[in-house]
Amino acid sequence: MQQLHSPIYPNGLPTLEAELLPILDQNYAYLTELIVKNAGFLPYDQWMQAVLYAPEIGYYSGGSTKFHTAGDFTTAPELSPLFGQTLANQVQQILLQCGEHNVLEFGAGSGALAESLLIALNDLGLNHINYSILELSPSLRARQQERLAPYAGQVRWLDHLPTDFVGCVIANEVLDAMPVHLVQRDTDDQVLELGVAVNAQPSAHAPSPFVLVGRPATGDLLSTAQQRLPHITGYKSEINLQAESWIREMGLWLKKGAALLIDYGFSQREFYHPQRATGTLMCHFRHFAHDESLILTGLQDVTAHVDFTAMADAALTARLEVLGYVSQAHFLLNCGITQLLEQLQMQLDMANPRHVQSWTQQVSAVQKLVSEAEMGELFKVIAIAKDIDPPLIGFMMRDRRDFL
Ligand SMILES: C[S@@+](CC[C@H](N)C(=O)[O-])C[C@H]1O[C@@H](n2cnc3c(N)ncnc32)[C@H](O)[C@@H]1O
């Protein structure tokens with residue numbers, strides 16, 4: 001096994017409160033045991049699975065705030081209900097073609113998107129929405145149940161994937177939260193699979209007892225990495241085999257309808273660009289973004305950007321269709337976010353300072369959602385469908401399927 005990296009504290013990382021140190025120690029002990037049980041090498045996807053979802057220590061299993069200003073990161077539905085209201089226009093078009101008013105949301109976070117979608121779909125006259133949520137995190141599921149209590153008759157939580165589903169599937173920032181494999185080209189142009197080991201020579205100042213190590217990749221991971229990684233010594237990146245198989249599985253249970261998958265990422269050409277030589281892995285801790293995923297285990301979010309070409313290929317393999325791929329900015333503009341903002345302005349009394357304040361907040365949220373410098377360009381929306389007639393309104397202008 002080659003040792004490749006020992007973690008360091010990134011400059012500017014917010015300080016962890018003393019009362020959280022015993023929790024961190026417990027998390028380290030849990031992960032050390034897991035590594036030992038795996039003969040000293042825990043493949044990176046299993047490491048990411050554990051630090052995000054292990055019931056004992058996982059970031060998403062625990063009860064921390066996560067979203068919004070008090071948490072670690074902010075997602076689009078948390079910024080403004082206009083995000084969900086705009087999405088509702090696209091969801092409505094899909095549901096009308098399906099003839100059934102079923103929505104299935106994966107990883108619903110705080111329940112903010114479900115809430116704004118339910119309000120908007122009811123306002124659009126779509127009665128009897130059956131809103132299902134599949135959420136891996138028990139603490140988030142409890143938060144969703146509390147927030148969505150007023151819609152109790154319309155919302156239910158699933159424990160596993162459906163066998164048959166007709167309707168609209170939604171996943172905002174879910175693909176990026178699925179565990180990835182980490183791979184790297186070595187000096188002989190061979191592919192190493194990276195994983196985590198316990199540091200055999202820990203220094204007193206090391207920020208965690210773990211190190212990143214590599215061993216020759218094998219099987220599917222090797223063949224996929226050989227196809228995708230450029231031939232550059234030391235080139236490191238991620239492969240999200242779990243997300244690809246999640247999409248292929250959708251081919252079995254989605255009988256008619258469309259999935260709107262919203263996330264940050266690029267086409268494969270951009271994802272494995274020679275200049276992106278250290279990959280896209282990111283951690284979020286109290287709104288501080290960095291790439292040291294072996295520290296603050298269970299207390300910080302770990303994510304990787306999405307390779308949308310791989311998602312589209314997985315969909316085609318599963319006999320699903322890709323009906324569109326656009327930037328988040330163009331999706332929201334195509335679905336009428338500016339008109340919704342204008343309608344909101346007309347409903348407000350600009351002589352009332354509270355209305356003016358809320359208007360200013362909404363304008364700045366929309367600016368963040370569509371601005372190229374913020375979320376508008378990095379985030380993309382892909383529509384994966386079965387038995388749905390195009391065009392979908394969200395993808396009418398600036399569809400970039402040709403780039404995939
Ligand atoms: C970054 S959060 C996004 C939450 C929310 N969608 C939002 O936009 O605020 C990722 C969410 O995806 C969930 N998740 C990850 N993989 C999942 C899967 N395979 N099925 C269902 N939920 C999943 C996590 O539990 C978490 O709720």
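Considered as a group, the residues in region 179-192 that are in contact (Cβ under 8 Å) with a residue 60 or more places away in the chain and open to solvent by 20 Å² or more (accessible area, probe 1.4 Å) include one that is farthest from the ligand (Cβ to nearest atom), and that residue is D186.
Residue by residue, here is whether (1) part of a loop (DSSP other than H, G, I, E, B); (2) under 16 Å from L212 (Cα atoms) holds:
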{"residue": "G153", "(1), (2)": "yes, no"}
{"residue": "R156", "(1), (2)": "no, no"}
{"residue": "A171", "(1), (2)": "no, no"}
{"residue": "L182", "(1), (2)": "no, yes"}
{"residue": "D189", "(1), (2)": "yes, no"}
{"residue": "L192", "(1), (2)": "no, yes"}
{"residue": "V196", "(1), (2)": "no, yes"}
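Within the bounds of region 307-315, is there any residue that is touching a Ser or Thr at 6+ places or on another chain (Cβ under 6 Å), of a type in the set (S, T, Y), at negative phi and modelled with pLDDT of 95 or more? Within region 307-315 (the criterion being touching a Ser or Thr at 6+ places or on another chain (Cβ under 6 Å), of a type in the set (S, T, Y), at negative phi and modelled with pLDDT of 95 or more), the answer is yes, since at least one residue qualifies. State whether one or more residues within region 135-143 are near the ligand (Cβ under 10 Å from one of its atoms) and among the hydroxyl-bearing types (S, T, Y). There is at least one residue in region 135-143 that is near the ligand (Cβ under 10 Å from one of its atoms) and among the hydroxyl-bearing types (S, T, Y).
For (1) surrounded by 19 or more Cβ atoms within 10 Å (Cβ to Cβ); (2) in contact with a Gly (Cβ under 8 Å, 6 or more places away or on another chain), each residue gets a yes or a no:
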{"position": "M1", "(1), (2)": "no, yes"}
{"position": "H5", "(1), (2)": "no, no"}
{"position": "D25", "(1), (2)": "no, no"}
{"position": "E33", "(1), (2)": "no, no"}
{"position": "G40", "(1), (2)": "no, no"}
{"position": "P43", "(1), (2)": "yes, yes"}
{"position": "A50", "(1), (2)": "yes, yes"}
{"position": "Y53", "(1), (2)": "no, no"}
{"position": "E56", "(1), (2)": "no, no"}
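Across region 249-306, the number of residues qualifying as touching a strand residue (DSSP E or B) at 6+ places or on another chain (Cβ under 6 Å), assigned to a strand (DSSP E or B) and within 16 Å of the ligand (Cβ to nearest atom) comes to 16.
Residue count for region 121-151 under the criterion of being among the polar types (S, T, N, Q), within 23 Å of the chain's Cα centre (by Cα) and part of a loop (DSSP other than H, G, I, E, B): the result is 1.
Residues checked against (1) outside any helix (DSSP H, G or I); (2) at pLDDT 95 or above:
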position	(1), (2)
Q345	no, no
S358	no, no
S364	no, yes
Q367	no, yes
G376	yes, yes
K380	yes, yes
A383	yes, yes
D389	yes, yes
R398	yes, yes
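Considering only region 157-164, I want to know if a residue exists there that is among the hydroxyl-bearing types (S, T, Y), open to solvent by 80 Å² or more (accessible area, probe 1.4 Å) and either within 21 Å of the chain's Cα centre (by Cα) or more than 10 Å from the ligand (Cβ to nearest atom) (or both). Within region 157-164 (the criterion being among the hydroxyl-bearing types (S, T, Y), open to solvent by 80 Å² or more (accessible area, probe 1.4 Å) and either within 21 Å of the chain's Cα centre (by Cα) or more than 10 Å from the ligand (Cβ to nearest atom) (or both)), the answer is yes, since at least one residue qualifies.
Within region 86-128, restricting attention to residues that are away from the ligand (no atom under 16 Å from the Cβ) and among the charged types (D, E, K, R), the residue that is surrounded by the fewest Cβ atoms within 10 Å (Cβ to Cβ) is D123.
The values are calculated or read from the model by the stated rules, or taken from the named source; none is laboratory data. As the structure is a prediction and not an experimental result, all values here were calculated from the model. Glycine also receives a Cβ, built like all others from the backbone with ideal geometry; neighbour counts cover every protein chain displayed. Note: areas computed on protein heavy atoms with side chains; ligands, DNA, RNA excluded. Shrake-Rupley method; radii C 1.70, N 1.55, O 1.52, S 1.80 Å.
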